[in-house]
Amino acid sequence: MPKSVYLAGPEVFLPNAREILDRKIALTREAGLVPVSPGDLEFPPTNSKWELGLAISAIDEKLMHSADTIIANLTPFRGIAADTGTCFELGFMCAQGKPAFAYTNVKADHGVRTRAHFNGEWYADAEGKPRGPDHILIEDLGFIDNLMLHGGVVNRGGAVVVGDAPVGQELTDMTAFKRVLALAVEMLG
């Protein structure tokens, strides 16, 4: 029986979200897996934005419960780190002990991106650890994002793929997604 994979990522916010999600869904099916996409949900009628948000959250959780694994797009979104909703979804799946896979379309790791955020104005403290001008430690472990995200994937036997999409195509390029999808198929058997 084919494994189902929850496709997490900030693509749902793009103006061409349906096109991007449909491409990921088609690639997932071609790879022999069953796609579970939060972009496929039907929004229920609600009386307020608050109720709509809660309904979407509940539906996404139901979808994640139904999936065997996750592929999370951890490409930086609106800043130096991954989309916070995608981070929740990855943590939710990891907490259930499900295999996890992730990718990014940005080659620079989290530490490099954080130092760049400070325009290179960082320093090494007395222990040699990097700190920003705010004196807060810069997590610099070579991971694509926070250690709990990268570590959560690796500690469950999954894989993290680092891509290097052209500028402006970071959220639409499928190269790293195709690579992590192939690894998921291979590793899930």
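Only one of the numbered conditions (1) within 16 Å of residue 6 (Cα to Cα); (2) open to solvent by 60 Å² or more (accessible area, probe 1.4 Å) is not met by residue 70, and that is (2). Pairs are defined by a Cβ separation below 8 Å, a sequence spacing of at least 6 or placement on different chains, a first member in the stretch 1-29 that is closer than 16 Å to residue 89 by Cβ, and a second member that is open to solvent by 40 Å² or more (accessible area, probe 1.4 Å) and of a type in the set (Phe, Trp, Tyr); no pair meets this definition.
Selection of the stretch 140-150 for residues being open to solvent by 50 Å² or more (accessible area, probe 1.4 Å) and outside any helix (DSSP H, G or I) yields 140, 141, 143, 146. Note on the stretch 36-79: among residues that are touching a Lys or Arg at 6+ places or on another chain (Cβ under 8 Å) and at pLDDT 95 or above, the one that is farthest from residue 100 (Cα to Cα) is 76.
Please determine, by comparing only the residues of the stretch 33-49 that are touching a helix residue (DSSP H, G or I) at 6+ places or on another chain (Cβ under 6 Å), open to solvent by 10 Å² or more (accessible area, probe 1.4 Å) and in a loop (DSSP other than H, G, I, E, B), which one is farthest from residue 182 (Cα to Cα). Spell out the reasoning first.
Residues of the stretch 33-49 that are touching a helix residue (DSSP H, G or I) at 6+ places or on another chain (Cβ under 6 Å), as a first pass: 35-39, 41, 44, 46.
Pick out the ones that are also open to solvent by 10 Å² or more (accessible area, probe 1.4 Å) and you get 35-36, 38-39, 41, 44, 46.
Still in the list and also in a loop (DSSP other than H, G, I, E, B): 41, 44, 46.
Values: 41: 26, 44: 34, 46: 39 Å.
Among those that are touching a helix residue (DSSP H, G or I) at 6+ places or on another chain (Cβ under 6 Å), open to solvent by 10 Å² or more (accessible area, probe 1.4 Å) and in a loop (DSSP other than H, G, I, E, B), it is 46.
Inspect the stretch 131-139 for any residue being open to solvent by less than 90 Å² (accessible area, probe 1.4 Å), basic (Lys, Arg) and either part of a loop (DSSP other than H, G, I, E, B) or touching a Leu at 6+ places or on another chain (Cβ under 7 Å) (or both) and give the result as yes or no. Looking for residues that are open to solvent by less than 90 Å² (accessible area, probe 1.4 Å), basic (Lys, Arg) and either part of a loop (DSSP other than H, G, I, E, B) or touching a Leu at 6+ places or on another chain (Cβ under 7 Å) (or both), one finds at least one in the stretch 131-139, hence yes. For residue 112, the requirement of being in contact (Cβ under 8 Å) with a residue 60 or more places away in the chain, β-branched (Val, Ile, Thr) and either over 16 Å from residue 68 (Cα atoms) or surrounded by 16 or more Cβ atoms within 10 Å (Cβ to Cβ) (or both) is not met.
So is residue 181 hydrophobic (A, V, I, L, M, F, W, C) and surrounded by 18 or more Cβ atoms within 10 Å (Cβ to Cβ) or not? So residue 181 fits the description; yes. The residue that is least open to solvent (accessible area, probe 1.4 Å), counting only those in the stretch 8-31 that are over 20 Å from residue 160 (Cα atoms) and part of a loop (DSSP other than H, G, I, E, B), is 14. Of all the numbered requirements in (1) open to solvent by 60 Å² or more (accessible area, probe 1.4 Å); (2) assigned to a loop (DSSP other than H, G, I, E, B), residue 157 misses one, and that requirement is (1).
If you go through the stretch 76-108, how many residues are touching a residue at least 12 places away in the same chain (Cβ under 8 Å), surrounded by fewer than 18 Cβ atoms within 10 Å (Cβ to Cβ) and closer than 15 Å to residue 162 by Cβ? Looking only at that region, the number is 1.
Among the residues of the stretch 38-57, is there at least one that is polar (S, T, N, Q) and in contact (Cβ under 8 Å) with a residue 12 or more places away in the chain? No, the stretch 38-57 contains no residue that is polar (S, T, N, Q) and in contact (Cβ under 8 Å) with a residue 12 or more places away in the chain.
Assess whether residue 144 counts as being more than 22 Å from residue 68 (Cα to Cα), in contact (Cβ under 8 Å) with a residue 24 or more places away in the chain and in contact with a His (Cβ under 6 Å, 6 or more places away or on another chain). So residue 144 fits the description; yes.
If the requirement is being small (Gly, Ala, Ser) and assigned to a helix (DSSP H, G or I), which of these qualifies: 176, 126? Steps first, answer last, please.
Details: 126 fails: assigned to a helix (DSSP H, G or I).
Exactly one residue qualifies, and that residue is 176.
The values are calculated or read from the model by the stated rules, or taken from the named source; none is laboratory data. A quick note: this is a predicted structure, and the numbers were derived from the prediction, not measured. Ideal geometry is used to build each Cβ from the backbone, glycine not excepted, and the neighbour counts take in all protein chains shown. Each accessible area value is taken on the protein alone, full model and side chains, heavy atoms only, with ligands, DNA and RNA left out. Shrake-Rupley method; radii C 1.70, N 1.55, O 1.52, S 1.80 Å.
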